[in-house]
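One structure is given below, encoded as structure tokens.
The values are calculated or read from the model by the stated rules, or taken from the named source; none is laboratory data. Predicted model, so just to flag it, every value in this text is computed and none were measured. Cβ placement follows ideal geometry from the backbone for every residue including glycine, while neighbour counts extend to all protein chains displayed. Note: areas computed on protein heavy atoms with side chains; ligands, DNA, RNA excluded. Shrake-Rupley method; radii C 1.70, N 1.55, O 1.52, S 1.80 Å.
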Amino acid sequence: MKTISIVVPCYNEEDVIEVTAKRLLDFIEQHKKFKFEIIFINDGSSDHTEEKLSTLCDIHQVIKTASFSRNFGHQIAVSAGIDLASGDAVVLIDADLQDPPEVIDQMIDKWLEGYDVVYGTRTDRHGESKFKLLTAKYFYRTLNKLSEVPIPLDTGDFRLMDKKVVEQLKNMPEKSRFVRGMVSWVGFRQTSVNYRRSERFAGESKYPLRKMIKFAFDGILSFSKKPLQLSILFGFACSFIALIGIVYSVYIRLMTNEWVEGWATIFIAILFLGGVQLISIGILGEYVGRIYDETKNRPMYILAKKNGFENK
Ligand code: UDP
Ligand code: MG
């Protein structure tokens with residue numbers, strides 16, 4: 001019998017965790033052809049998520065839980081779940097029921113047809129702010145243009161992956177993780193199923209702007225060197241404009257009497273060049289910072305507690 005692992009990252013999800021567990025358990029109940037394990041990763045929650053997970057784990061054989069020593073972030077929590085999963089396929093799903101568990105049905109069908117990755121593409125999203133919808137839309141399109149591997153549009157981490165893809169992910173030790181891009185990078189046979197993303201069942205988004213920006217940077221910088229090339233391009237463009245400026249200044253200095261004028265031009269040119277230089281250094285810095293993080297070679301996460309893994 002094939003085993004399917006369902007990985008659920010949770011950060012301060014006390015309001016939803018029991019309902020989510022129930023929905024997943026119902027789903028499992030209807031699929032007796034497979035053996036399941038549900039792995040909840042508690043990403044350093046400061047509410048009662050941990051206690052609730054502990055209780056769920058005691059009651060249900062299929063539920064396993066692991067807790068981080070602090071909040072490491074969604075992408076790291078997903079990665080830890082992947083590391084701990086032992087199934088022939090691994091499903092990643094959010095804790096807030098925005099990704100309906102019933103869609104896993106179609107994912108399993110595609111997997112049985114022979115696909116190695118089946119990702120869920122959102123046809124529409126309910127209950128999210130205009131700002132989130134707009135930024136997400138343009139983020140995925142920009143990322144796709146910049147990235148060296150095609151990363152599917154409007155697709156989150158909700159997906160099913162075969163064991164062979166999971167084994168490859170386990171061997172990718174990078175610390176700035178952008179899981180959906182890494183899965184695209186791995187390759188094999190990939191396909192999508194469409195679904196409607198529902199409203200969050202309860203609680204609030206655990207992705208404030210700060211985390212969204214970090215996430216976007218990780219995605220773009222881990223999958224593209226184009227921002228660096230862009231600063232070179234900028235450099236060339238500025239040098240070209242400067243060259244025209246130089247020729248012009250020499251001309252008015254030697255050929256006319258109007259050469260005292262023009263301090264505004266100098267002022268603007270200095271500001272403009274200063275800006276471009278700072279942006280370029282900043283882009284470079286983002287890459288160097290990531291190299292620094294990688295070379296420190298710290299573990300990606302620290303597990304404080306594991307529950308339910310022993311007996312199965
Ligand atoms: N999450 C996490 N660690 C974090 C932030 C979020 O494990 O630091 C989890 C969260 O519990 C949820 C999933 O990641 O299961 C997606 O987060 P959320 O629903 O808040 O994001 P949104 O859907 O608003 O983008
Ligand atoms: Mg959500």
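So Asp43 ticks every box in (1) farther than 23 Å from Arg196 by Cα; (2) surrounded by 17 or more Cβ atoms within 10 Å (Cβ to Cβ); (3) more than 11 Å from ligand 1 (Cβ to nearest atom) but one. Which box is left unticked?
Tallying (1) farther than 23 Å from Arg196 by Cα; (2) surrounded by 17 or more Cβ atoms within 10 Å (Cβ to Cβ); (3) more than 11 Å from ligand 1 (Cβ to nearest atom), Asp43 fails exactly one: (3).
How about segment 1-12: which of its residues are open to solvent by 10 Å² or more (accessible area, probe 1.4 Å) and touching a helix residue (DSSP H, G or I) at 6+ places or on another chain (Cβ under 8 Å)?
Initially, segment 1-12 is screened for residues open to solvent by 10 Å² or more (accessible area, probe 1.4 Å), giving 1-3, 9, 11-12.
Residues satisfying the conditions are Pro9, Tyr11, Asn12.
In segment 89-107, which residue that is in a helix (DSSP H, G or I) and within 16 Å of ligand 2 (Cβ to nearest atom) is nearest to Tyr119 (Cα to Cα)? Before the answer, list the steps.
Here is the first cut: in segment 89-107, the ones in a helix (DSSP H, G or I) are 101-107.
Going one step further and asking which of them are within 16 Å of ligand 2 (Cβ to nearest atom), we end up with 101, 103.
Working: Pro101: 13, Val103: 10 Å.
Only one residue tops the list, namely Val103.
Return the residues of segment 199-228 that are of a type in the set (Ser, Thr, Tyr) and crowded, with 16+ Cβ neighbours inside 10 Å; say none if nothing qualifies. Step through it out loud before you land on a result.
Taking segment 199-228 first, the residues of a type in the set (Ser, Thr, Tyr) are 205, 207, 222, 224.
Within segment 199-228, Ser222, Ser224 qualify.
Could you say which residue among Leu134, Leu146 is within 30 Å of Lys226 (Cα to Cα), open to solvent by 40 Å² or more (accessible area, probe 1.4 Å), more than 16 Å from ligand 2 (Cβ to nearest atom) and in contact with a Ser or Thr (Cβ under 6 Å, 6 or more places away or on another chain)?
Details: Leu134 fails: in contact with a Ser or Thr (Cβ under 6 Å, 6 or more places away or on another chain).
Testing whether each residue is within 30 Å of Lys226 (Cα to Cα), open to solvent by 40 Å² or more (accessible area, probe 1.4 Å), more than 16 Å from ligand 2 (Cβ to nearest atom) and in contact with a Ser or Thr (Cβ under 6 Å, 6 or more places away or on another chain) leaves just Leu146.
Suppose we filter segment 89-143 for residues that are within 12 Å of ligand 1 (Cβ to nearest atom) and modelled with pLDDT of 95 or more; how many remain? Walk me through how you get there before you give the answer.
As a first pass, look at segment 89-143 and keep what is within 12 Å of ligand 1 (Cβ to nearest atom): 92-99, 122, 125-129, 131-133, 135-136, 139.
Then keep just the ones that are modelled with pLDDT of 95 or more; that gives 92-93.
Of the residues in segment 89-143, 2 are within 12 Å of ligand 1 (Cβ to nearest atom) and modelled with pLDDT of 95 or more.
List the pairs whose first member sits in segment 283-312 and is more than 18 Å from Lys225 (Cβ to Cβ) and of a type in the set (A, V, I, L, M, F, W, C), whose second member is modelled with pLDDT of 90 or more and in a helix (DSSP H, G or I), and whose Cβ atoms are under 8 Å apart, counting only residues at least 6 apart or on separate chains?
Partner pairs satisfying both residue conditions: Met300/Ile76; Met300/Ser79; Met300/Ala80; Leu303/Ala80; Phe309/Leu84.
Looking at segment 185-200, I want the residues that are outside any strand (DSSP E or B) and have a partner that is among the aromatic types (Phe, Trp, Tyr) with Cβ atoms under 9 Å, at least 6 apart or on another chain. Which pairs are those?
Once the first residue is outside any strand (DSSP E or B) and sits in segment 185-200, its partners that are among the aromatic types (Phe, Trp, Tyr) give Trp185/Phe223; Phe188/Tyr115; Arg189/Tyr115.
Show the residue pairs that are 6+ apart or on different chains and have beta-carbon atoms under 7 Å apart, the first residue being within segment 223-247 and over 30 Å from Pro150 (Cα atoms), the second being at pLDDT below 85 and surrounded by 11 or more Cβ atoms within 10 Å (Cβ to Cβ).
Cys238/Leu273; Cys238/Val276; Gly245/Ala269
Working only within segment 15-40, note down all residues that are more than 15 Å from ligand 2 (Cβ to nearest atom), assigned to a loop (DSSP other than H, G, I, E, B) and surrounded by 17 or more Cβ atoms within 10 Å (Cβ to Cβ).
Going through segment 15-40, the residues more than 15 Å from ligand 2 (Cβ to nearest atom) turn out to be 18, 21-22, 24-40.
Now narrow it down to the ones that are assigned to a loop (DSSP other than H, G, I, E, B): 30-34.
Those that are more than 15 Å from ligand 2 (Cβ to nearest atom), assigned to a loop (DSSP other than H, G, I, E, B) and surrounded by 17 or more Cβ atoms within 10 Å (Cβ to Cβ): none in segment 15-40.
Given the criterion among the polar types (S, T, N, Q), part of a strand (DSSP E or B) and touching a strand residue (DSSP E or B) at 6+ places or on another chain (Cβ under 9 Å), identify the matching residue among Ser54, Ser86, Ser67, Ser45.
Values: Ser54 fails: part of a strand (DSSP E or B); Ser86 fails: part of a strand (DSSP E or B); Ser45 fails: part of a strand (DSSP E or B).
Answer to the check: Ser67.
Scan segment 84-97 and tell me whether some residue there is in contact (Cβ under 8 Å) with a residue 40 or more places away in the chain, in contact with an Asp or Glu (Cβ under 8 Å, 6 or more places away or on another chain), farther than 22 Å from Arg180 by Cα and open to solvent by less than 30 Å² (accessible area, probe 1.4 Å). Before the answer, list the steps.
Kept after step one, since they are in contact (Cβ under 8 Å) with a residue 40 or more places away in the chain, are these residues of segment 84-97: 84-97.
Going one step further and asking which of them are in contact with an Asp or Glu (Cβ under 8 Å, 6 or more places away or on another chain), we end up with 85-89, 92-96.
Next, from what is left, pick out any that are farther than 22 Å from Arg180 by Cα: none.
No, every residue in segment 84-97 fails to be in contact (Cβ under 8 Å) with a residue 40 or more places away in the chain, in contact with an Asp or Glu (Cβ under 8 Å, 6 or more places away or on another chain), farther than 22 Å from Arg180 by Cα and open to solvent by less than 30 Å² (accessible area, probe 1.4 Å).
Just to be sure before I move on: is Arg253 assigned to a helix (DSSP H, G or I) and within 13 Å of ligand 1 (Cβ to nearest atom) in the structure I sent? Break it down stepwise before answering.
Values: assigned to a helix (DSSP H, G or I): yes; within 13 Å of ligand 1 (Cβ to nearest atom): no.
Answer is no for this residue.
Do you know which residues across segment 118-145 are among the polar types (S, T, N, Q) and either part of a helix (DSSP H, G or I) or under 19 Å from Thr191 (Cα atoms) (or both)?
Here is the first cut: in segment 118-145, the residues among the polar types (S, T, N, Q) are 121, 123, 129, 135, 142, 144.
Thr121, Thr123, Thr135, Thr142, Asn144 - these are the residues of segment 118-145 that are among the polar types (S, T, N, Q) and either part of a helix (DSSP H, G or I) or under 19 Å from Thr191 (Cα atoms) (or both).
List the pairs whose first member sits in segment 1-20 and is under 17 Å from Val78 (Cα atoms), whose second member is among the hydroxyl-bearing types (Ser, Thr, Tyr) and part of a loop (DSSP other than H, G, I, E, B), and whose Cβ atoms are under 6 Å apart, counting only residues at least 6 apart or on separate chains?
Tyr11/Ser45; Asn12/Ser45
What about Pro208, is it more than 18 Å from Phe158 (Cβ to Cβ) and touching a residue at least 24 places away in the same chain (Cβ under 8 Å)?
Details: more than 18 Å from Phe158 (Cβ to Cβ): yes; touching a residue at least 24 places away in the same chain (Cβ under 8 Å): no.
Spelling it out, it is not the case that Pro208 is more than 18 Å from Phe158 (Cβ to Cβ) and touching a residue at least 24 places away in the same chain (Cβ under 8 Å).
Yes or no, residue by residue, for (1) without any contact (Cβ under 8 Å) to a residue 24 or more places away in the chain; (2) assigned to a helix (DSSP H, G or I); (3) within 15 Å of ligand 2 (Cβ to nearest atom):
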{"position": "Leu153", "(1), (2), (3)": "no, no, no"}
{"position": "Gln168", "(1), (2), (3)": "yes, yes, no"}
{"position": "Ser176", "(1), (2), (3)": "no, no, no"}
{"position": "Glu204", "(1), (2), (3)": "yes, no, yes"}
{"position": "Leu221", "(1), (2), (3)": "no, yes, no"}
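Can you find a residue in segment 264-279 that is open to solvent by 80 Å² or more (accessible area, probe 1.4 Å), out of contact with any Phe, Trp or Tyr (no Cβ under 6 Å at 6 or more places or on another chain) and touching a residue at least 24 places away in the same chain (Cβ under 8 Å)? Steps first, please.
To start, the set of residues in segment 264-279 that are open to solvent by 80 Å² or more (accessible area, probe 1.4 Å) comprises 265-268, 270-272, 277-279.
Okay, now just the ones that are also out of contact with any Phe, Trp or Tyr (no Cβ under 6 Å at 6 or more places or on another chain), so 265-268, 270-272, 277-279.
When the remaining residues are screened for being touching a residue at least 24 places away in the same chain (Cβ under 8 Å), the result is 272, 279.
Yes, that holds for at least one residue.
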